[in-house]
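Contents: one structure, followed by commentary.
Quick note: the coordinates plus some simple rules give every number you see, no bench work behind them. Treat the numbers as computed from the prediction; the structure is a model and nothing was measured. Cβ placement follows ideal geometry from the backbone for every residue including glycine, while neighbour counts extend to all protein chains displayed.
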Amino acid sequence: MFTSDERGIIEPNSDIIAMALTVVGFIIFISLIAHTYQVSDEKTYIAQHYEDAASLAGLLRNEPMLTAPDRPDLIDAVRVESLTSGDIDALNDRYGTRYGFSLKVEVPSMYRKVVGTAEELGVSASVPVTIRLNEVDELPGTLTVKIWER
């Protein structure tokens, strides 16, 4: 009965719903592709610049402005606390030729000092160090360097 009946009824509003669903699906697909590209771009940036941050952290581990005078392998918290803005500028002039950077010296749950101000987007790398808190306490900690392009 239906196959031989050529009298069909087409509703004029049925195409609008199908078109709206198609457009919504297309918009979701484009936003998903754009987000995937953005995440991939950020991961590529991190992968390209992580080695630079790690090598800068290795250099700052032995920086005389940060280490104890008698032991160049030991970060001295007193010297880190006494850094002036001129000292920070000198560090930036010496090591921050291509990148801006900030550093954080940390002994978990005991001591934390951030030197410099950081941009929101950057790449961080940490190296293990020994930190002298006072004349008696020397504890394992980390030196974290965050770099960003100028």
Residue ID - nearest to Thr144 (Cα to Cα), chosen from residues in segment 67-100 that are free of Cβ contacts under 8 Å to residues at least 40 places away in the same chain and hydrophobic (A, V, I, L, M, F, W, C)
Val80
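Can you tell me which residue among Leu103, Leu139 is in contact (Cβ under 8 Å) with a residue 12 or more places away in the chain and either assigned to a loop (DSSP other than H, G, I, E, B) or surrounded by fewer than 17 Cβ atoms within 10 Å (Cβ to Cβ) (or both)?
Just one listed residue meets the conditions, Leu139.
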Any hit, segment 31-48, residues being in contact with a strand residue (DSSP E or B) (Cβ under 7 Å, 6 or more places away or on another chain), closer than 24 Å to Gly141 by Cα, outside any helix (DSSP H, G or I) and in contact (Cβ under 8 Å) with a residue 40 or more places away in the chain:
no
When you look at Ile88, is it surrounded by 12 or more Cβ atoms within 10 Å (Cβ to Cβ) and part of a strand (DSSP E or B), yes or no?
no
Out of all the residues in segment 115-129, which are more than 15 Å from the chain's Cα centre (by Cα) and within 16 Å of Glu81 (Cα to Cα)?
Val115, Gly116
